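Just below is one structure, and these are the notes that go with it.
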Amino acid sequence: MEQQQTREMDRRTERRTAVVTGAAGFIGAAVCRELLSKGWQVYAIIRPGSAAARLPRGEEALQLIEGDLLQPSSWQGQLETAAAAGERFDCWLQLGWAGVAGAARNDAWQTANVEAAADSVRLAARLGCNSWIGAGSQAEYGQMEGRADEGAIEAPTTAYGRAKLTAGRQALEEATLHGLNGYWVRIFSVYGPDDNDNWLIPGLVRQLMAGESPAMTLGEQRWDYVYIDDAAASFTLLAEQSTAARHKHLASTTAAVSEESQHRERKLGRRLDPAPGVYNLGSGVSRTIRDIAEHVREEVAAQLPRGLPLGVPQASSDDISDLEHSHIEYTPDGRRVPIIRYGVVPYRDDQVMMMEADTAKLQRETGWRPRTALADGIKRTVASYADALEQSRSVAVKRAIVTMAYRSNSSHVGAALSAADIMVALYFHVLRVDPNQPDAPERDKLVFSKAHASTALYAVLAERGYFPRNVLDSYSVDGGQLPGHLDRKAAPGIDASAGSLGHGLSIGTGFAIADRQAGRSSRTYVVLGDGECNEGSIWEAALVASSLKLNQLIAVVDCNGWQGFDRTEPLSPYASLADKWRAFGWEAIEADGHDGNALIHALDHQSVESRPTVVLARTVKGNGVDFMADTLEWHYKSPNDAQWQAAVEQLGGREGKG
């Protein structure tokens, strides 16, 4: 027992430990992640009830403590208990602040944050911390005249800026009084994935991805944006270097300066840790808001659904208002990209027109450098938002599938769930279609041959905007609009009636021939089941398509491994399926049917050998719901009340809400 206690004490001595307030916030969570990646133990203070979604799950070195930032007496006891048990605290990072956005920035209670900051310094001292780091703001400078270093005039124009300025001054005084290395980091503008929607860059991404045309000022302001990972790295470097003397055995792996540089500084009698005081944090380069916004718009455009090919007349004003038309530009592949309406929003009286950080001090003292260029950071930010949106679409489609089966007491829910991600990839990334012109001859066509899983097509058509979502309530009920199997006249967007398996590829082949004869560049996609590929008519159509070199025809096989009464493997092994298609003159591609990026890449493949293409998508029947996954019974069963509720909750919905 004594040896075990000794080992535990040694472990605590070797590692570094930090307290981070505001740990569930955008910057706080990024700093926590960076500290954890460097081997720190982190005590993260989060708001009561916070989901802490930005923080990693199951991380042993991360301890979550719920508490009100402005009432430390409700949670500081947990830290003191840890210290009494032998935890050695090294650094306190005060990143939390109550009231950072909107009208709250001018509330009188901003001053409550000042006392909270000073209290945190005193608590850090009692815990034995070596350093204290607080998050300040460029708002402390007010309206800048140019590039600002730490000696620039401080003339804040908001209660938020005044409170930050006062908090920083008092906290640094307290740190000196208690013998701590104190640092106040004035953050200019930080951006990146998972930021709050009410800030400029994420707000623009959200609006543009939703097809909205954002209203802005003229965009002449010059702002300095630093990427979130770079910002987190700066806080971590300050934490590491300000505690290096306490952890000399770790200093060589964490200090940004070289051993030669350290030796030289020691000979000159200079300190090795960063000098306490105020530091600016930014990229050091400002851009006009208009330039930043156009970067965002360019990246968003690449993520928007495709429309009809360039040169095809767009929807008439009967379908889209003249106002909406005036706020849209079309890319060569038909993507409808909203314009940004500059000059609609007036400048505020206290508008900051120049915001650029001189970060020479931070770079000199710590060796920190921003590593992410604005264009790269915006690309990552938009991609992250697009991935989250894709996941949201996927689960929304799957919720709708389960709900349609439940309300109509119908079956085939497993087969529809396995195809859902394929359909999302097709309709939101691959097909050149326009819901406002569902019958445009130039559109890409889709034949959903495994029509017993029709709910997958219905759900994605509703999500794409072909008809209102409430039409889904009419699925397979008496007098309802949407039949159990497909009728092309039932709703917009259904290109072919289907039901009896094995006919879809023949229909798709006919579509491809017709488009070729009409001189159209349209592509035809046919979604098949792997069990359906046992039908002889599939291979008759495959022979015709390859002999005619229909390279605009793409078959997509939903390989979920099941057919009517058993697995497909005994009759038609997956391993030989690609070879069969190739033997019939097709180009065969295999892909994970639940990996959006892999699917898009495969589905968008253009054969260079004038051959039709087949995409074999490996899927899981019943994907997304654990008790429906990879089992035959959900080919036939309909969910009861409890099963529906459980499935909807697993798919991110609320109880009773499909």
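The values are calculated or read from the model by the stated rules, or taken from the named source; none is laboratory data. Note that the structure is predicted; figures quoted are calculated from it, not measured. With ideal geometry, Cβ positions are generated from the backbone for all residues, glycine too; neighbour counts draw on all protein chains shown. Just so you know, the surface numbers come from the protein's heavy atoms only, side chains and all, with ligands and any DNA or RNA stripped out. Shrake-Rupley method; radii C 1.70, N 1.55, O 1.52, S 1.80 Å.
Quick notes on this structure:
- Residue in the stretch 232-244 that is modelled with pLDDT of 95 or more, part of a helix (DSSP H, G or I), surrounded by fewer than 24 Cβ atoms within 10 Å (Cβ to Cβ) and charged (D, E, K, R) present: no
- Every pair of residues 6+ apart whose Cβ atoms lie under 8 Å, when the first sits in the stretch 206-225 and is under 14 Å from residue 340 (Cα atoms) while the second is among the acidic types (Asp, Glu): 206/197; 219/291
- Boolean, residue 336 is more than 21 Å from the chain's Cα centre (by Cα) and at pLDDT below 95: yes
- Extreme residue, modelled with the lowest pLDDT, among residues of the stretch 411-438 that are within 17 Å of residue 633 (Cα to Cα) and open to solvent by 20 Å² or more (accessible area, probe 1.4 Å): 411
- Summed over the stretch 298-326, residues that are open to solvent by 30 Å² or more (accessible area, probe 1.4 Å), part of a helix (DSSP H, G or I) and either small (Gly, Ala, Ser) or modelled with pLDDT of 70 or more (or both) total 3.
- Any hit, the stretch 34-41, residues being farther than 19 Å from residue 123 by Cβ and without any contact (Cβ under 8 Å) to a residue 12 or more places away in the chain: yes
- When the residues of the stretch 146-171 are filtered to those that are open to solvent by 40 Å² or more (accessible area, probe 1.4 Å) and of a type in the set (Gly, Ala, Ser), the one that is farthest from residue 360 (Cα to Cα) is 155.
- Exactly one residue among 399, 393, 369 is over 30 Å from residue 428 (Cβ atoms) and open to solvent by 20 Å² or more (accessible area, probe 1.4 Å), and that residue is 369.
- Candidates 31, 42: the one that is in contact with a strand residue (DSSP E or B) (Cβ under 9 Å, 6 or more places away or on another chain), assigned to a helix (DSSP H, G or I) and buried (at least 17 other Cβ atoms within 10 Å of the Cβ) is 31.
- Checking residue 479 against (1) modelled with pLDDT of 95 or more; (2) open to solvent by 10 Å² or more (accessible area, probe 1.4 Å), the condition it does not meet: (1)
- Hey, residue 441 over 24 Å from residue 390 (Cβ atoms) and either open to solvent by less than 40 Å² (accessible area, probe 1.4 Å) or touching a residue at least 24 places away in the same chain (Cβ under 8 Å) (or both) or not: yes
- Candidates 94, 143, 138, 110: the one that is touching a residue at least 12 places away in the same chain (Cβ under 8 Å), within 15 Å of residue 356 (Cα to Cα) and crowded, with 18+ Cβ neighbours inside 10 Å is 138.
- In the stretch 355-372, the residues that are assigned to a helix (DSSP H, G or I) and of a type in the set (D, E, K, R): 361, 364, 365
- Selected residue (criterion: nearest to residue 302 (Cα to Cα)) from residues of the stretch 185-231 that are buried (at least 21 other Cβ atoms within 10 Å of the Cβ) and among the small types (Gly, Ala, Ser): 192
- If the condition is being within 24 Å of the chain's Cα centre (by Cα) and on the phi > 0 side of the Ramachandran plot, then the stretch 211-250 contributes only 211.
- Screening 406, 385 for residues that are open to solvent by 10 Å² or more (accessible area, probe 1.4 Å) and more than 30 Å from residue 478 (Cα to Cα) leaves exactly one candidate, 385.
- Single residue of the stretch 578-610 satisfying the filter (modelled with pLDDT under 95 and over 32 Å from the mean Cα position of the chain (by Cα)) that is farthest from residue 542 (Cα to Cα): 608
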